[in-house]
Every structure is written in structure tokens, then in C-alpha cells.
Ligand code: PMP
């Protein structure tokens, strides 16, 4: 694999990757001319593919007008228009939009808004936010405290404020039927038990991904889970926050993944696919009922310098337009079905694949040592690293995460852009087959 001789840049480790040269549609090329299929849309970011002409043109036009206007000095038209459009897409009542530059910022904004709301309505003792294990909600210290993934959290303990967690509803590991409401209720009721154990008057919010992303590997909740969660939150006055940083933006077949389950949140956060990699952008979208008391009570004490950046918002608007005019969510649903059925065929062929799951083009498969017990592969096999590296060498980028047995490694997200064609699905599957062989 190509590496740079010496670099002053660093990320997680010393591992270096090939140097990116250009990208078009679902393909990317390194400086040596090698082509890769972007089988994970970056990190589920580049939902509409690379170098989209509509977005590039919109950004060019905006750049010629202005690239930055500080929010305390100016309103900008792209921010105003994108907020209006986003509110139209959001569940009823979620009409207030607060822009940020990424997912962790969006999550932290939601928690701070919820907290100020509790204070404004005279419930200042509510400060705990319950989330799930495993989960990923960001790497800043606040979002990390809500992340249920020991390898990322442990080095920073004690957290500034440790937060309670409940298990994610991984029915496939517990041998339960995901299509049965009894299963959904079984897992959702763990939230009620936790709220009672913590003391309901101290619980501020429950933070959940409607369809799981990296942490659970495209986990679709069991039947009835999200509705029951909504009922429990209502019963105890706990705010429900959907983290749609990864699942939002259309790739599950609906713009927001939560739309599949008939239960709306009080606050919703989105990023990644929102401006689809054309600009750093995220949003927190909140119910009027939550924002109004905060604004009445002296204002939301929060904000990032780049909030509502006109260039990022112009990109976001063009991305939404592209998704709507080209009906890309619909394509994600149809092409996602095809890709999922192909992954299931691979599972029938390779017993090492223990589970295939997901919705639309948010799909994953999980490797196991034994399908009967779903025991994870032993870490020393390094199957995780080998599969990712081999796929890479074969020209396919897939996104992997290890959530069982620490870093021992298990699931792989296959999430190409929403513009993927059926022929390109076959191309992806051919490389995966070669890699698994
Ligand atoms: N929430 C979820 C569900 C995510 O997948 C991520 C990023 N993987 C984040 C929050 C954090 O987003 P960012 O990396 O943009 O801060």
C-alpha cells in the first residue's frame, strides 16, 4: 500500500493510507491512479456521491458572494432557507433548527438545549442522559460520556460526568425474534427500569440512534421498540433525542430513519449526509415547545463560530435538492434491498458471516466464529484487519467497527452512496466475494 515517506500529519495511529487524488460518483482514485469503490461513502458521509455538479455549482456561486458571515453580525440567506427546508423534512413540531459543523457538536448542542429547557421549566434536578451500550455519539468529552464503547472511553476515565447506559437491542445475539413486539418491549423496558433506578426526577433525556450506525453495525430496532421508548419517555417526562448523524439524510429509504417507526423525537441531530461531505455541516432540530422557554428565559447559551456558515448551508441546500429531484432515498431503498439480498447470499455461502442487517443503504454484516452461538472471532485471528485490508487492496472501501470483545472485531458496514446502480452493486459484491474467498 502506498505510503508517504514522511509526514507531519497525524490521526489515530502511524498507519498511513494512499494519497487521495480525485473522486467522482461512487469511485475514488489515489495519486498513483488506483481506483477504489467508495463502499462506505467515506464514513456514511458522501451520500450523493462525489463531485456532484449541482452542489459544486451552488458552492461556487455562494463563494463568489460571501463565504462567511458571523452569526452575531449577519443572518444569511442560505442558512435561513436551509433551516426552513430542514424543518419541513423533520417530524411535526420540530421547527427550530440550530446549525453546527459536525456530529459531536450536534449531540452536545442537543444536550445543552435539553438541560436549559429543564432549568427553564423549573426541573433543574434533571441532568442525567441515558444512552446505550454499544453506541457512538461523538468524541468530544460530553458526547464521549454518552458513548457506550469502552475502548474509546476508558482511556479518558474518570469522565467529567459518567452517564448511565442500557443495552442496545441486539436481538440477534440474544436469540430473540426481532419481528416480535415482545422482543421490542423487552429491550425498551430496560429504559424504564433504568429511569426508575436513577430516580425519574433526575433524568433529562434518552439519546438513541433509530437505526444504528457504526457502533451497532446498522442495527434495526426490533418491532415496537421505538414506540415503546417514546411511551416510556412521555411517562417520566424524559426528552427523547434521536441521533441521526449517520442514519439521517436519506440512506435508510426515508430522510430520517426515525420515520420508519411511528414515534417522533423531541430533538433530532443530523450531520454527515446532511451536506454529504461537501462541507462540514450538522444541525440540531428541536421542538418549538423546547426552544421557546429557553429563548424566553434569556437565550440559548451555546454556539460555534462556524454555525450557519453560508457556504456550508449552500452546499446543504443543494444536497437536499439533489436528493429530492433525483429521488435518491427511493433509490437507496430499492438498491439497498438488492445489496442486502446479495449479502444474504454471501452469508449462505460463508459460514463466517453470522448476521446481515440494516435498512436501505445502511447495511452491515457481522463475522462470527460460530453461527450457532454467535461467538465472536478470536482477536488473534485479526480477521477484522485482514478483511478491511484485503478489500482495500481489491479496490473496495468498507467501514468496520469492533464492538464485541473490545477490539476483537466484528462488523463491516457496506454503505455506498445513494446514487449506486444495480450494476455497481454487483461490482461491490464481486469484490467482496473475492475478498472473503
Ligand atoms: N453520532 C453518530 C451516530 C455518529 O456516527 C458520529 C460519527 N461517526 C457522531 C455522532 C460524531 O460525529 P462527528 O465525527 O462529525 O463529530
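Quick note: the coordinates plus some simple rules give every number you see, no bench work behind them. Here the structure is a predicted model, which means the values were calculated and not measured. Because the Cβ atoms are built from the backbone with ideal geometry, glycine has one as well, and the counts that use them run over all protein chains shown.
Report, please, the projected area of region 185-316 averaged over directions, based on the convex hull of its C-alpha atoms, in nm².
On the way: hull surface 37.4 nm².
Across all orientations, region 185-316 yields a mean hull projection of 9.3 nm².
Sort 166-174, 379-387 by the packing proxy (mean of other Cβ within 10 Å over each peptide's residues), most packed first. Working shown, then result.
On the way: 166-174: 19.8, 379-387: 14.4.
Final packing ranking: 166-174, 379-387.
Grab the DSSP H runs of the chain that are 4 residues or longer, score each as -39,500 (n - 2.57), total them, divide by all residues and round the 222 nm result to the nearest 500 deg cm²/dmol.
-11500 deg cm²/dmol
Take each peptide in 222-233, 311-322, 47-58, 273-284, count the other Cβ atoms within 10 Å of every residue, and average; sorted highest first, the result is 273-284, 311-322, 222-233, 47-58.
Got the relative contact order for region 56-325 handy, in percent, Cα pairs under 8 Å and 6 or more residues apart? Could the numbers behind the result be given before it?
Values: 516 pairs, mean separation 79.5, N = 270.
Reported as a whole number, the value is 29 percent.
In plain terms, the chain from residue 421 to residue 437 could stretch by 3.3 nm, reckoned as 0.36 nm per residue minus the Cα-Cα distance. Fraction of C-alpha pairs exceeding 38 angstrom in the chain: 20 percent, rounded to a whole number. For region 248-295 and region 131-174, what is the centre-to-centre distance using only Cα atoms, to the nearest Å? Centre-to-centre (Cα) distance: 21 Å. The residue 349 and residue 125 beta-carbon pair, evaluated with R₀ = 51 Å, returns a calculated FRET efficiency of approximately 0.35. Compared with the direct C-alpha span, the chain from residue 386 to residue 157 gains 79.4 nm at full extension, assuming 0.36 nm per residue.
FRET efficiency for the residue 198 to residue 326 pair, using the beta carbon distance and R₀ = 45 Å, is estimated at 0.50.
Largest GNM mean-square fluctuation across 192, 75, 95, computed for the chain with C-alpha springs under 10 Å, falls on 75. The modelled label-to-label distance for the pair residue 337/residue 174, using points 7 Å beyond Cα in the direction of Cβ, is 3.0 nm.
Can you give the FRET efficiency for residue 234 and residue 73, using 1/(1 + (r/R0)^6), R0 = 41 Å, r = Cβ-Cβ distance, to the nearest 0.05?
Values: r = 40 Å, r/R0 = 0.99.
So the FRET efficiency works out to roughly 0.50.
So how much slack lies between residue 139 and residue 31, counting 0.36 nm per residue of separation and subtracting their Cα-Cα distance, in nm? That works out to 35.8 nm of additional length. Summary of the geometry: region 76-100 and region 320-340, compared by the centres of their Cα atoms, lie 22 Å apart. For region 258-412, the relative contact order comes to 13 percent (Cα pairs under 8 Å, sequence separation of at least 6). Between region 1-58 and region 371-391, the alpha-carbon centres lie 25 Å apart.
Classify region 107-215 from the C-alpha gyration tensor, please: rounded if a/c falls under 1.5, else prolate or oblate depending on whether a/b exceeds b/c. Working shown, then result.
Numbers: a/c = 2.06, a/b = 1.32, b/c = 1.57.
Note, shape of region 107-215 comes out oblate.
Of the beta bridges in the chain, as assigned by DSSP with both residues counted there, near 70 percent are antiparallel. Compactness of region 262-392 was expressed as the Cα radius of gyration divided by 2.2 N^0.38 Å, which yields 1.50. Under a Gaussian network description of the chain, with springs only between Cα atoms under 10 Å, the residue in 420, 67, 183 that fluctuates furthest is 67.
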